Amino acid sequence: MSDLNFSDPKSAELYQLEKLNHILSIAVQAPFYKRLYQNIELPLKSLYELKKLPVIDKQTLCTEGETCKKNLYTSSGEGFYTFSTGGTSGRMSFARYSLDEFHEVCFGAAYGLTACGITPNDLVANCIRAGAFWTGFLTSYRALEMIGCNILPITDNQPVEKTLEYLELMRPNTLFGISPTLVQIAQEATRRGVNLDIEKVAFASTPLTTEQESYLSAVWPKATFHSAGYGAAEVGPIGFQCEHCTGTEHHIALSDCIVEQDDDGAIIATSLIRVLQPAIRMKIGDNIEWMGGECPCGRTSPRFKLLQRSDEIIEFEYDSMSLEQIGSCIGNFKELAPVFQVRLDLNGKDTDIIIRIEAADGDAVDDYQLTSRIYECLCKDIPAVGTNRSKNNIRAFKILVVPSGGIQRVETTGKIRRVIDKRFM
Ligand SMILES: [Zn+2]
């Protein structure tokens, strides 16, 4: 098959429609989809008719999956992987991929990494955490293998001190990890005065924030940044970044996914890979904005920008505060790493806020003056905790600078829950 992402829109649509109808014809063998589509005429005559199918949110699938798992499977299946789709939400839910489907997922990830500049010549340290039903390490190692890279399977399963020892020993030119891991490696390298001479930083899971990218650039000035793309454990690859995509811009991965946007701006994704446990018109929980114009890379696949997630905006009585605001304020302090967590507690009718921020080096931890400067900066830049604090019923607002790695990681992935909101629990 030629590269669908370069083809004319008509051929791409025909390819997607054919693959979709194939999946739908099998999907109705699963009791859940059989019931869901009982009044819908299949096959669909155009991609536009996809709108006739109901949108499925994660919640529906979770409930369905837990109470009667078999309802979602199109066959009892021989040869499959079971992956966790729980992510940072804390609740375990699972998705089943056949071995062939998982091969395609990895191929999609390899396509994305190649499109944004990872080559067979790279010596890549794979620092993604392994195990615990997470797709992360398995997908990345197979994707790197498909590209033909030289691979160091280091993982993030050991303390950062040990990871740095391995890196010093092997001298990779490319580091691959999720953002909190990459920042922690950079901090540890700085602390110990180790020059790793990194040329490429590849990241998975969530895009690097502006502050994270500039932090890593300061430690590794030669480094360029490369994304493994955007996807969801329950859908597979959704978008990829070419060398011209910046921030949260992505091309749709046309051979793997159909992307729609609902009236509220939310992304709805249909996997063109998953047949054993289809994922059709799934609401992922992210909002997108379409991008116009042509991409200089020559690909015709449409581009979208991921917008700030709704859980990245913290609402109060009167106005709100975003993680982006906090991040950009923290970016002003070279003593701090771009890694933080906001905790909200209810105290009677009032809210108490604690922001934990990791220090770039140990000296910052007990620096009272630094803490008050951060406090002042946040109050000045963010009206919700500054001028509007009393209107928002905010009682205490506290900054804690903690050592590198001092914010608790999600054990299975190494990710950080950026907001812990105990107000509604
Ligand atoms: Zn492009």
Subject >> Any hit, the range 150-163, residues being on the phi > 0 side of the Ramachandran plot and of a type in the set (Ser, Thr, Tyr) >> reply: yes
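Scan the range 238-267 for residues that are among the polar types (S, T, N, Q) and assigned to a loop (DSSP other than H, G, I, E, B) and jot them down.
From the range 238-267, those among the polar types (S, T, N, Q) are 241, 246, 248, 255, 261; that's our starting set.
Hits for the range 238-267 are Gln241, Thr246, Thr248, Ser255.
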Original post:
Assuming Thr270 fulfils every condition listed in (1) in a strand (DSSP E or B); (2) farther than 26 Å from Gln29 by Cα apart from one, which condition is it?
Top reply: (2)
Original post:
Of all residues in the range 300-313, which are part of a loop (DSSP other than H, G, I, E, B) and within 13 Å of the ligand (Cβ to nearest atom)?
Top reply: Thr300, Ser301, Pro302
Subject >> From Arg142, Arg129, residue being of a type in the set (D, E, K, R) and part of a loop (DSSP other than H, G, I, E, B) >> reply: Arg129
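To keep it simple, each residue is scored yes or no on (1) away from the ligand (no atom under 16 Å from the Cβ); (2) polar (S, T, N, Q).
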{"residue": "Phe240", "(1), (2)": "no, no"}
{"residue": "Ala279", "(1), (2)": "yes, no"}
{"residue": "Gly298", "(1), (2)": "no, no"}
{"residue": "Ser320", "(1), (2)": "yes, yes"}
{"residue": "Gly331", "(1), (2)": "yes, no"}
{"residue": "Arg343", "(1), (2)": "yes, no"}
**OP:** Test Ile374 against the criterion of being at pLDDT 90 or above and either in contact with a helix residue (DSSP H, G or I) (Cβ under 6 Å, 6 or more places away or on another chain) or loosely packed, with under 15 Cβ neighbours inside 10 Å (or both), and give yes or no.
**Re:** no
Subject >> Filtered residues of the range 242-270 (kept if within 14 Å of the ligand (Cβ to nearest atom) and surrounded by fewer than 21 Cβ atoms within 10 Å (Cβ to Cβ)) >> reply: Glu243, His244, Thr246, Gly247, Glu249
**OP:** Could you tell me whether any residue of the range 138-149 is of a type in the set (A, V, I, L, M, F, W, C), modelled with pLDDT of 95 or more, over 30 Å from Asp100 (Cα atoms) and outside the structural domain of Gly414 (by TED's automatic domain parsing)?
**Re:** no
**OP:** Starting from the range 233-246, keep only residues that are outside the structural domain of Arg299 (by TED's automatic domain parsing), then list their pairs with residues that are assigned to a strand (DSSP E or B) and within 16 Å of the ligand (Cβ to nearest atom) whose Cβ atoms are within a distance under 6 Å, requiring at least 6 positions of separation or different chains.
**Re:** none
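For residues that are assigned to a loop (DSSP other than H, G, I, E, B) and either surrounded by 24 or more Cβ atoms within 10 Å (Cβ to Cβ) or modelled with pLDDT of 95 or more (or both), tally how many sit in the range 280-293. Show your work before the answer.
Looking only at the range 280-293, we keep the residues that are assigned to a loop (DSSP other than H, G, I, E, B), and these are 280-281, 292-293.
If we keep only those that are either surrounded by 24 or more Cβ atoms within 10 Å (Cβ to Cβ) or modelled with pLDDT of 95 or more (or both) too, we end up with 280-281.
Residues in the range 280-293 being assigned to a loop (DSSP other than H, G, I, E, B) and either surrounded by 24 or more Cβ atoms within 10 Å (Cβ to Cβ) or modelled with pLDDT of 95 or more (or both): 2 in total.
Hey, can you tell me all the residues within the range 397-425 that are of a type in the set (Gly, Ala, Ser) and either modelled with pLDDT of 95 or more or farther than 25 Å from Leu370 by Cβ (or both)? Spell out the reasoning first.
Of the residues in the range 397-425, the ones of a type in the set (Gly, Ala, Ser) are 404-406, 414.
Gly414, the sole residue that qualifies.
Being free of Cβ contacts under 8 Å to residues at least 24 places away in the same chain, hydroxyl-bearing (Ser, Thr, Tyr), not assigned by TED's automatic domain parsing to the domain that holds Met92 and not in a helix (DSSP H, G or I): is that true of Ser404 here?
Spelling it out, it is not the case that Ser404 is free of Cβ contacts under 8 Å to residues at least 24 places away in the same chain, hydroxyl-bearing (Ser, Thr, Tyr), not assigned by TED's automatic domain parsing to the domain that holds Met92 and not in a helix (DSSP H, G or I).
Would you be able to say whether some residue in the range 55-65 is farther than 22 Å from Ala266 by Cβ and either in contact with a Pro (Cβ under 6 Å, 6 or more places away or on another chain) or at pLDDT below 95 (or both)?
Taking the range 55-65 and keeping what is farther than 22 Å from Ala266 by Cβ, we get none.
No; the residues of the range 55-65 include none that is farther than 22 Å from Ala266 by Cβ and either in contact with a Pro (Cβ under 6 Å, 6 or more places away or on another chain) or at pLDDT below 95 (or both).
Can you find a residue that is among the β-branched types (Val, Ile, Thr), in contact (Cβ under 8 Å) with a residue 40 or more places away in the chain and part of a strand (DSSP E or B) anywhere in the range 390-398? Give the steps one after another, and end with the answer.
Taking the range 390-398 first, the residues among the β-branched types (Val, Ile, Thr) are 394.
So of that shortlist, the ones also in contact (Cβ under 8 Å) with a residue 40 or more places away in the chain come out as 394.
Then keep just the ones that are part of a strand (DSSP E or B); that gives 394.
Looking through the range 390-398, at least one residue is among the β-branched types (Val, Ile, Thr), in contact (Cβ under 8 Å) with a residue 40 or more places away in the chain and part of a strand (DSSP E or B).
Residue under question is Ala202, and the condition is that it be buried (at least 24 other Cβ atoms within 10 Å of the Cβ), away from the ligand (no atom under 16 Å from the Cβ) and not β-branched (Val, Ile, Thr); does it hold?
Details: buried (at least 24 other Cβ atoms within 10 Å of the Cβ): yes; away from the ligand (no atom under 16 Å from the Cβ): yes; not β-branched (Val, Ile, Thr): yes.
Yes: the conditions hold for Ala202.
The values are calculated or read from the model by the stated rules, or taken from the named source; none is laboratory data. Note that this is a predicted model, so its numbers are computed, not measured. For neighbour counting, all protein chains shown are included, and Cβ atoms are generated from backbone atoms with ideal geometry for every residue, glycine included.
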